[in-house]
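Below: the structure, in structure tokens.
The values are calculated or read from the model by the stated rules, or taken from the named source; none is laboratory data. As the structure is a prediction and not an experimental result, all values here were calculated from the model. Here the Cβ positions follow ideal geometry from the backbone for every residue, glycine too, while neighbour counts run over all protein chains shown. Just so you know, the surface numbers come from the protein's heavy atoms only, side chains and all, with ligands and any DNA or RNA stripped out. Shrake-Rupley method; radii C 1.70, N 1.55, O 1.52, S 1.80 Å.
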Amino acid sequence: METVDDPRILNDGDVILKVLLTTTCGSDLHLLGGYIPAMRAGDVLGHEFIGEVVEVGSEVRKHRIGDRVVVASFISCGKCWYCTTGQFSLCDNTNPAPGITEALWGQSPGGCFGYSHALGGFAGSHAEYIRVPFADVGAFPVPEGVSNERAVFASDAGPTGWMGADLGGVQPGDTVAVWGAGAVGQVAARAAILLGAERVVVIDRFRERLDQVERHIGAETLDYTRTEVIPTLRELTGGRGPDVCIEAVGMEAHRNRIDGAYDWIKQQLRLQSDRPTAVREAIMAARKGGSVFTLGVFGGVVDKFPLGALMNKGLTFRGAQQHGQRYIPMLLERMQAGELVTDHFATHVMPLEESPRGYEMFKTKEDGCVRAVFVP
Ligand SMILES: NC(=O)c1ccc[n+]([C@@H]2O[C@H](COP(=O)([O-])OP(=O)(O)OC[C@H]3O[C@@H](n4cnc5c(N)ncnc54)[C@H](O)[C@@H]3O)[C@@H](O)[C@H]2O)c1
Ligand SMILES: [Zn+2]
Ligand SMILES: [Zn+2]
């Protein structure tokens with residue numbers, strides 16, 4: 001914990017928020033694990049938050065002092081070709097230092113709060129106050145009756161999960177498998193159900209998380225340490241495999257089998273940047289002609305990627321950083337209607353001063369921690 005200067009309005013479209021709640025995200029673990037480059041000492045973490053408007057820039061039209069708003073984790077200008085086509089996280093105008101990501105990926109996505117200098121160097125939300133650029137595009141009023149503990153997840157986990165089901169192409173009647181029962185995977189499963197999937201199965205190894213899936217999300221579960229995932233999914237689908245596979249695990253996937261150990265060793269030796277264990281399994285599990293969507297964050301190159309399965313099975317493979325601005329108003333309405341419940345992710349709410357302990361609990365999933373949520 002460090003004391004930093006309070007943010008100030010820099011551009012006319014900015015607002016300053018007093019942060020009400022701010023949460024850890026699986027993506028932060030990749031930063032803390034040292035897998036994402038360009039973090040500097042003194043950078044403020046945190047990209048999923050809700051706050052109260054305390055200052056508005058002269059060009060801000062939609063927000064007033066005192067409003068309670070939730071903010072998309074990716075910052076978007078609202079005017080470039082990507083933003084106007086709904087691909088908000090790909091914004092061309094919000095990463096002021098695109099060189100690092102252009103070198104890594106050929107092109108740069110937009111900027112993100114609290115996510116290293118590779119994604120713009122914007123100060124994050126694990127602080128008392130935060131500056132929100134392009135506030136008319138990225139901040140949304142929270143409806144009456146939706147608690148802070150529910151609404152905070154409309155910032156990042158919510159739209160990310162929804163995007164996986166939406167862009168993964170879930171159709172009524174589909175069978176959908178989701179790897180990872182964190183907040184992101186749980187929302188992806190709920191979205192699949194709300195989009196009409198007939199059967200949704202969530203795969204993880206933490207009992208508390210799988211219990212949450214059964215109780216709050218209404219999906220089936222599979223513990224991969226007790227069951228062989230691919231044969232079980234085949235069996236559930238009459239031998240076919242799931243229509244849509246959504247990966248919500250990311251580059252630090254765990255595995256107790258040989259390919260997982262191989263990934264881990266190669267990553268530790270810096271021979272590959274990411275552990276694609278769950279992505280690989282999703283590709284192998286998907287039915288012929290099905291689709292695989294990776295919501296889990298990856299940073300670089302991976303080994304033993306089953307390109308042959310992808311090609312010969314006629315799969316569609318996609319991934320994206322979340323396009324929150326496209327989904328947040330709809331998610332808030334569903335939260336208000338009680339169709340999307342996310343409060344149970346906030347298993348550990350604590351003062352911001354205790355965030356180091358919160359991150360440790362979130363990393364180790366100790367005491368059933370799904371998300372550590374901080375009150376500044
Ligand atoms: N695309 C986006 O815009 C976006 C936004 C938010 C988070 N994310 C990413 O989504 C992923 C999940 O985030 P989260 O906050 O839910 O994280 P989390 O750490 O809470 O959850 C990840 C879950 O995956 C499970 N898991 C690990 N290895 C597995 C395996 N081999 N098979 C099945 N499950 C496995 C873990 O047990 C854990 O429950 C992270 O990679 C995060 O970076 C992406
Ligand atoms: Zn996140
Ligand atoms: Zn843009």
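The distance from the alpha carbon centre of region 253-291 to that of region 311-359 is 23 Å, rounded to a whole number.
Considering only beta bridges that DSSP places wholly inside the chain, some 45 percent are antiparallel. Spin-label model, M330/K288: points 7 Å from Cα along the beta carbon direction are separated by 3.2 nm. Rounded to the nearest 500, what is the 222 nm mean residue ellipticity of the chain from helices alone, with -39500 (n - 2.57) per DSSP H run of 4+ residues and division by all residues? The per-residue figure over the chain is -8000 deg cm²/dmol.
Fully extended, how many nm does the chain gain between I230 and D367 (0.36 nm per residue separation, minus their Cα-Cα distance)?
My answer for the length gained is 46.4 nm.
Across the chain the C-alpha pair distances fall into 20 Å bins from zero in the proportions 30, 60, 9, 0 percent. A probe of 1.4 angstrom, applied to the heavy atoms of all protein chains, finds E102 with accessible area near 90 square angstrom. Taken per residue, the accessible surface of region 258-376 reaches 45 Å², heavy atoms only and a 1.4 Å probe.
Here's the list of lysines a cross-link from K266 could span, going by alpha-carbon distance under 20 Å and ignoring same-chain residues fewer than 8 apart: K304. Loop exposure criterion: trypsin sites (Lys or Arg not before Pro), DSSP state outside H, G, I, E and B, at most 11 other Cβ atoms within 10 Å. Applied to the chain, the longest stretch between such sites is 65-225.
Positive-end ranking of V370, V302, A346 along the dipole of region 293-376, with charges on Cβ about the Cα centre, is headed by V302. Name the lysines eligible as straight-distance cross-link partners of K79: C-alpha to C-alpha under 21 Å, and not fewer than 8 places from it in the same chain. Answer for K79, where 21 Å is the Cα cut-off: K62, listed by chain and number.
Considering every alpha-carbon pair of region 35-110, the percent of pairs per 10 Å bin, from zero through the bin containing the longest distance, is 16, 36, 37, 12, 0.
Which distance in Å, rounded to a whole number, links the C-alpha centroids of region 169-236 and region 15-89? Measuring centre to centre over Cα atoms gives 29 Å. Angle of helix 183-194 to the longest C-alpha principal axis of the chain, folded into 0 to 90 degrees and rounded to 10: 70°. Probe radius 1.4 Å, ligands and nucleic acids ignored: give me the carbon and sulfur share of the accessible area of the chain as a rounded percent. For the chain, the apolar C and S fraction of the accessible surface comes to 51 percent.
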